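Since the structure comes first, as structure tokens, the remarks are kept for the end.
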Amino acid sequence: MTGMHIGLEHYLFVSAALFCLGLLGVVLRRNLLVLYMGLELMLNASNLALVAFSRFLNHLNGQVMVFFIITVAAAEVAVGLALIVALYRKRQTAHVEDLASLKL
Amino acid sequence: MTDLLFVLFSALALLCGFLTVANPFTRSPVASALFLVLTMVWLAGLFVLLHAFFIAAVQILVYAGAVMVLFLFVIMLLDLREEERRRWNRFGVAAGLISVLGLLGITAVTLLRATPDGTGDAQLEGATHALGLMLFRQYLLPFEIVSVLLLVAMLGVILLSKRELK
């Protein structure tokens with residue numbers, strides 16, 4: 001176990017990789033709900049980075065920030081899903097390609 | 001031991017995250033949601049390794065519990081069929097892959113070049129008591145604002161979910 005010491009940079013690598021995975025989901029998937037899950041993945045990746053910073057810089061501010069991010073994300077998910085349901089009722093679809101009425 | 005657990009948790013989190021966004025076997029949103037729950041559980045494990053016990057508990061309760069149940073409810077409410085592979089826009093896929101890989105490369109290079117100044121050994125212990133004091137003293141105003149935000153979100157959802165949306 002002495003050969004490899006897990007430091008801040010390892011956690012930041014994991015966080016960056018998770019963030020990119022979430023972004024990949026947002027860019028590639030066409031289902032509104034799965035796209036939304038990609039957003040949640042990105043938020044979680046940033047939470048991981050904040051908690052790691054909080055631990056290694058010896059300050060609790062990062063954890064307080066994560067607490068607020070989780071709360072706001074919960075509110076955001078509730079509103080976003082209500083919007084998706086309202087949209088589905090009106091248009092009978094949850095695919096981004098079918099929602100092109102604002103396209104020129 | 002903790003190093004081994006770090007490798008295990010991060011590998012599982014990355015694997016489940018990948019299966020959330022790009023599952024090669026199915027494109028069902030239910031599978032994505034369940035893999036996202038798993039990702040959040042492994043992330044909670046990483047939070048425990050970082051001695052952020054309160055955040056780990058909140059992650060399990062709020063994210064893996066409440067938020068994902070909401071997702072699954074909506075998926076079942078909408079009765080979504082599998083996302084069919086149609087009109088794969090090759091240009092769009094290529095552009096997306098290139099931009100995401102570029103972002104990953106930029107962050108990786110930045111992290112490799114960063115000098116670890118002032119980030120020595122892990123020091124902070126999981127201080128739920130100190131976290132609570134900080135939340136209710138230094139961050140009292142943001143805390144209250146967030147509670148109002150939750151109220152606004154709740155009212156907005158009720159308004160949006162009403163049958164006739166004027």
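The values are calculated or read from the model by the stated rules, or taken from the named source; none is laboratory data. In this text, all values refer to a predicted model and were calculated from it rather than measured experimentally. FYI the Cβ positions are ideal-geometry reconstructions off the backbone, even for glycines, and counts take in every protein chain you see. These accessible areas exclude ligands, DNA and RNA; they are computed on the full protein's heavy atoms, side chains included. Shrake-Rupley method; radii C 1.70, N 1.55, O 1.52, S 1.80 Å.
Okay, here's what the table says:
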item: Test: residue in the stretch B:16-39 that is more than 9 Å from chain A (Cβ to nearest Cβ), touching a residue at least 12 places away in the same chain (Cβ under 8 Å), buried (at least 17 other Cβ atoms within 10 Å of the Cβ) and of a type in the set (Ser, Thr, Tyr); result: yes
item: Residues of the stretch B:45-80 satisfying the condition of being at the interface with chain A (Cβ under 10 Å from one of its Cβ atoms) and not hydrophobic (A, V, I, L, M, F, W, C); result: B:His51, B:Gln59, B:Tyr63, B:Asp79
item: Members of the stretch B:2-51 found to be more than 17 Å from A:Arg55 (Cβ to Cβ), part of a loop (DSSP other than H, G, I, E, B) and among the hydrophobic types (A, V, I, L, M, F, W, C), listed by number; result: B:Ala22, B:Phe25
item: Tally, over the stretch B:122-143, of residues that are open to solvent by 90 Å² or more (accessible area, probe 1.4 Å) and at pLDDT 90 or above; result: 4
item: Cβ pairs under 8 Å, 6+ apart, first in the stretch B:52-73 and assigned to a helix (DSSP H, G or I), second of a type in the set (S, T, N, Q) and surrounded by fewer than 17 Cβ atoms within 10 Å (Cβ to Cβ); result: B:Phe53/B:Thr128; B:Phe54/B:Thr128
item: Residue within the stretch A:62-72 that is surrounded by fewer than 19 Cβ atoms within 10 Å (Cβ to Cβ), in contact with an Asp or Glu (Cβ under 9 Å, 6 or more places away or on another chain) and more than 9 Å from every other protein chain (Cβ to nearest Cβ) present; result: no
item: Criterion violated by A:Ser15 - all others in (1) within 25 Å of B:Ser32 (Cα to Cα); (2) in contact with a Leu (Cβ under 9 Å, 6 or more places away or on another chain); (3) modelled with pLDDT under 90; (4) among the polar types (S, T, N, Q) satisfied; result: (3)
item: Which listed residue is among the small types (Gly, Ala, Ser), more than 24 Å from B:Gly105 (Cα to Cα) and in contact with a helix residue (DSSP H, G or I) (Cβ under 9 Å, 6 or more places away or on another chain), from A:Ala73, A:Ala45, A:Ala52, A:Ala17; result: A:Ala73
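For every residue, the table says whether it meets (1) within 7 Å of chain B (Cβ to nearest Cβ); (2) crowded, with 19+ Cβ neighbours inside 10 Å; (3) under 14 Å from B:Leu50 (Cα atoms); (4) out of contact with any Asp or Glu (no Cβ under 7 Å at 6 or more places or on another chain).
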residue: A:Gly7; (1), (2), (3), (4): yes, no, yes, yes
residue: A:Ala16; (1), (2), (3), (4): yes, yes, no, yes
residue: A:Cys20; (1), (2), (3), (4): yes, yes, no, yes
residue: A:Leu24; (1), (2), (3), (4): yes, yes, no, yes
residue: A:Met37; (1), (2), (3), (4): yes, yes, no, yes
residue: A:Leu48; (1), (2), (3), (4): yes, yes, yes, yes
residue: A:Ala52; (1), (2), (3), (4): yes, yes, yes, yes
residue: A:Leu81; (1), (2), (3), (4): yes, yes, no, yes
residue: A:Ala86; (1), (2), (3), (4): yes, no, no, yes
